[in-house]
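Student: My questions will all concern the structure given below.
The values are calculated or read from the model by the stated rules, or taken from the named source; none is laboratory data. These numbers come from a predicted model, not from an experiment. A quick note on method: Cβ atoms are made from the backbone with ideal geometry, for glycine too, and the neighbour counts reach across all protein chains shown. Areas reflect the complete protein model, heavy atoms only, side chains present, ligands, DNA and RNA absent. Shrake-Rupley method; radii C 1.70, N 1.55, O 1.52, S 1.80 Å.
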Amino acid sequence: MADLRDMYQEVILEHAKSPRNYRALAPPAHKAEGFNPLCGDRCTIYLATQGDVIEDIAFQGNGCAISRASASMLTQALKGKTTAEAEKLFKSFHSMVTGQNANGDRASLGKLEVFAGVSEFPARVKCATLAWHTFEAALHGEGEPVTTE
Ligand code: ZN
């Protein structure tokens with residue numbers, strides 16, 4: 001894992017160690033489960049909306065530092081946002097970690113920019129995006145578990 005050291009910034013490790021919003025939300029909150037078989041990451045996203053606004057969001061799961069930190073920071077970034085803003089943020093995040101927006105909409109990403117280094121490690125992109133795909137499933141109420149494969 002020595003080659004990953006550069007991208008393991010302090011903030012990622014800190015979130016992985018002490019994830020924020022790490023809890024379950026009771027129904028009628030939406031819930032979706034995600035799995036990244038490539039790495040073994042598992043993530044459950046809980047989502048409570050009020051109209052178009054994400055009133056509360058939480059997660060539980062097990063996985064590598066990147067997947068945990070990504071889920072933790074996702075909950076922080078999306079709480080209080082509208083679902084339209086959340087979708088936009090997901091697009092920006094996805095473009096960043098897949099290395100597609102060299103000069104794209106980075107400003108809106110804020111702290112999420114610590115995951116920019118993931119684009120150099122294709123196998124890790126799925127770790128970083130698992131929580132986001134799972135969030136989408138929770139938002140759209142898809143019953144099937146999400147898998148990154
Ligand atoms: Zn992983």
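Student: Which condition breaks for T98 when tested against (1) within 16 Å of the ligand (Cβ to nearest atom); (2) modelled with pLDDT of 95 or more?
Tutor: Among (1) within 16 Å of the ligand (Cβ to nearest atom); (2) modelled with pLDDT of 95 or more, T98 violates only (2).
Student: Given (1) part of a helix (DSSP H, G or I); (2) open to solvent by 60 Å² or more (accessible area, probe 1.4 Å); (3) farther than 19 Å from V146 by Cα, identify the lone condition not met by H94.
Tutor: It is condition (3) that H94 fails.
Student: Out of all the residues in segment 7-44, which are hydrophobic (A, V, I, L, M, F, W, C), within 16 Å of the ligand (Cβ to nearest atom) and not in a loop (DSSP other than H, G, I, E, B)?
Tutor: Those that are hydrophobic (A, V, I, L, M, F, W, C), within 16 Å of the ligand (Cβ to nearest atom) and not in a loop (DSSP other than H, G, I, E, B): M7, I12, L13, A16, F35, C43.
Student: Going through segment 47-70 one residue at a time, which ones are away from the ligand (no atom under 16 Å from the Cβ) and open to solvent by 20 Å² or more (accessible area, probe 1.4 Å)?
Tutor: A48, T49, Q50, G51, D52, V53, E55, D56
Student: Quick one: is V118 assigned to a helix (DSSP H, G or I), modelled with pLDDT of 85 or more, within 15 Å of S67 (Cβ to Cβ) and open to solvent by less than 10 Å² (accessible area, probe 1.4 Å)?
Tutor: Yes, satisfied.
Student: If you don't mind, there's one more thing I want to ask. Suppose we filter G80, G110 for residues that are open to solvent by 10 Å² or more (accessible area, probe 1.4 Å), assigned to a helix (DSSP H, G or I) and not basic (K, R); which single one remains?
Tutor: Exactly one residue qualifies, and that residue is G110.
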